[in-house]
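The next block holds one structure in the form of structure tokens; read it before the comments.
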Amino acid sequence: MLNAKHFRFVDLVKNTRNVEYIKLIVSCLDYSSKDSFNRFILQTALTSATEAGRKWTTQFLSILASHNISDFSVWVIKLLLGQLADSSAKIVRYALRLLHHWIPQYPESIYLIKDICFDGFGDAGTLLKTYLFSSENYVEDNYRDTLAALDYWKKIVDEDVRIALLNSKRSIDGRYARPSNERIAKLGVSMPVHLYGQLAQHDTGRELLLKSNEVVRLLDVLRDSPLPTNTCQISKLKGALYALGHIVASLNPSLLPSETVPIICRFAECCSVFSIRGTAFWTLNLIGNTQLGSILLSSLGWESSNFIISKRKSNMLLLKATNVDKSKIWIRCIDGMNPAHIIRDEKTPKVRIGINFQFLYSYDFRNLMENGCTESSRKSGSEVTEPQPINLSSQSISLPRNPDFFLKDVFVVEEFIEHNCDSLLLKQKHRISNCFYCSWSEEYFGSKNFSEIGISSKARDEIISVFLLQGSKYSAISKKLLKNYLCNRKIFSSLCLYSDILVLLAQHDYNVEIRRLVHELFADALQKASSQFS
């Protein structure tokens with residue numbers, strides 16, 4: 001029976017401007033009863049007079065979700081959807097975040113978002129609609145609309161990763177605040193819901209993915225794409241990796257082409273575009289969230305923190321059940337040649353074209369290529385279990401057994417030579433791989449629109465020796481540089497020399513004044529480099 005106390009609570013949570021009253025009342029009530037007046041008090045608190053009170057009550061809904069009280073999937077999801085109409089952008093954003101977190105935990109509540117228009121909520125609203133594709137009935141009724149959100153999904157993920165790497169905060173309207181010295185913690189980027197991952201959860205979606213040959217198309221994109229030279233080409237490869245990762249994580253790997261995971265591994269280990277390599281690494285972490293995915297990664301030299309794979313299970317590889325053709329894991333942007341010209345050498349496990357070509361893969365990958373085509377798995381098809389549902393919010397990581405291989409081409413292999421005052425005349429070799437001019441690939445970037453000037457080795461060594469003065473003061477180095485600049489200004493427009501100086505600046509701890517002076521003296525070379533890359 002209701003009494004004056006209950007109505008007093010309603011008046012307090014609705015009209016008070018002291019958020020402490022709202023916290024005390026809302027947190028002490030029992031919401032387990034479906035028809036309880038306490039639930040009405042909670043709903044009233046969600047529309048209280050103060051923004052702080054509404055925000056705290058919205059956050060409190062997440063606590064109720066963790067206790068899994070009765071009828072939560074309908075009641076509280078409805079409350080969160082109601083918060084999307086709040087006048088505060090902060091509360092709307094937090095409600096969207098909670099919906100993304102709890103709707104996957106309560107799939108029976110997905111029907112509640114079916115008739116809601118999320119167009120006004122930006123990326124988060126668009127991704128909420130994607131959960132509908134986990135419903136088999138919805139996919140059957142909207143068969144032609146299932147491919148509508150893929151390109152937009154890629155843009156959302158790229159933007160989230162870009163923001164996470166920037167040490168800067170953003171305002172509610174999406175703008176960047178004025179830069180400051182404030183240090184903020186860099187948080188990870190959670191994996192958003194993906195259309196293919198939702199489709200793979202039911203028979204109709206799996207049939208759609210397999211019959212449309214979408215996996216084969218995505219693999220062809222990864223195999224046949226040249227080294228990307230613009231944002232559009234990079235985005236295309238990233239999108240293919242993301243899509244394949246969700247498919248592999250949700251489907252039984254035995255239903256997919258055997259080269260699917262090896263190709264993703266090769267991108268994570270060998271791709272020269274680091275943003276694509278990072279995307280492939282993220283994709284492998286997604287695959288490693290499932291037990292069957294962990295077994296596949298273990299066979300290729302990667303281990304997941306979610307599962308411990310025994311030696312016996314690792315040897316009974318799913319990949320060995322079929323023949324893995326080396327030509328199917330040939331990747332144009334990594335191997336760089338036409339697969340039709342591949343010549344197999346029976347004496348070695350390498351695939352050769354001419355003298356210098358060979359496949360790049362880890363030790364475990366090489367063993368698989370040597371033995372996988374002749375040995376069959378002792379594990380029968382009936383023993384292969386269905387993949388477990390993947391939890392996108394779980395904290396796990398997949399790493400290669402050989403970390404040096406994972407860092408291939410990331411750091412310079414050659415060691416720098418430490419110099420002191422007695423080694424001024426020691427010649428520093430020109431590093432072609434770090435040179436703006438010498439490392440320019442005309443095949444991918446077109447011909448150079450300028451020519452490099454020739455400088456004598458004596459003049460070059462004299463400039464280099466100035467930067468090998470360890471511990472010298474700014475005045476000594478600046479005087480020597482200015483003297484050389486006045487005597488022979490032409491050599492300071494050399495891109496090759498400028499590139500070598502930049503390598504030394506990166507290696508040694510020079511102060512800001514010296515670095516500024518170097519860039520001012522090499523202004524002509526810097527201008528040539530800028531015009532070439534613009």
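The values are calculated or read from the model by the stated rules, or taken from the named source; none is laboratory data. Please read these numbers as outputs of a predicted model, since none were measured by experiment. As a convention, Cβ positions derive from the backbone with ideal geometry for all residues, glycine included, and neighbour counts pool all protein chains shown.
Kindly indicate whether any position in the range 277-288 is surrounded by fewer than 21 Cβ atoms within 10 Å (Cβ to Cβ) and in contact with a strand residue (DSSP E or B) (Cβ under 9 Å, 6 or more places away or on another chain).
Scanning the range 277-288, I find no residue that is surrounded by fewer than 21 Cβ atoms within 10 Å (Cβ to Cβ) and in contact with a strand residue (DSSP E or B) (Cβ under 9 Å, 6 or more places away or on another chain), so the answer is no.
For residues that are assigned to a helix (DSSP H, G or I) and touching a Pro at 6+ places or on another chain (Cβ under 7 Å), scanning just the range 294-342, find the one that is modelled with the lowest pLDDT.
The qualifying residue modelled with the lowest pLDDT is Leu318.
Could you tell me which of the residues Ile156, Ile116 is part of a helix (DSSP H, G or I), over 22 Å from Thr290 (Cβ atoms) and either at pLDDT 70 or above or in contact with a Leu (Cβ under 9 Å, 6 or more places away or on another chain) (or both)?
On inspection, the qualifying residue turns out to be Ile156.
Give the residue, chosen from Leu219, Leu286, Leu237, that is over 12 Å from Ile331 (Cβ atoms), in a helix (DSSP H, G or I) and aliphatic (A, V, I, L, M).
Answer to the selection: Leu286.
Residue by residue through the range 57-93, note down the ones that are in contact with an Asp or Glu (Cβ under 6 Å, 6 or more places away or on another chain), farther than 17 Å from Ile110 by Cα and either at pLDDT below 85 or not in a loop (DSSP other than H, G, I, E, B) (or both).
Val92
Residues that are loosely packed, with under 14 Cβ neighbours inside 10 Å: list the helices (runs of 4 or more DSSP H) wholly contained in the range 4-49 that include at least 3 such residues.
Values: elements: 4-15, 19-28, 37-45.
Because the criterion is at least 3 residues that are loosely packed, with under 14 Cβ neighbours inside 10 Å, the helices (runs of 4 or more DSSP H) in the range 4-49 that meet it are 4-15, 19-28.
Going by the structure shown, is Ile264 surrounded by fewer than 20 Cβ atoms within 10 Å (Cβ to Cβ) and either of a type in the set (A, V, I, L, M, F, W, C) or at pLDDT 85 or above (or both)?
Taking the combined requirement at face value, the residue does not satisfy it.
Here is a list of conditions, (1) modelled with pLDDT of 85 or more; (2) under 30 Å from Val139 (Cα atoms), and Pro226 meets all of them except one; can you say which number that is?
All conditions pass for Pro226, except number (2).
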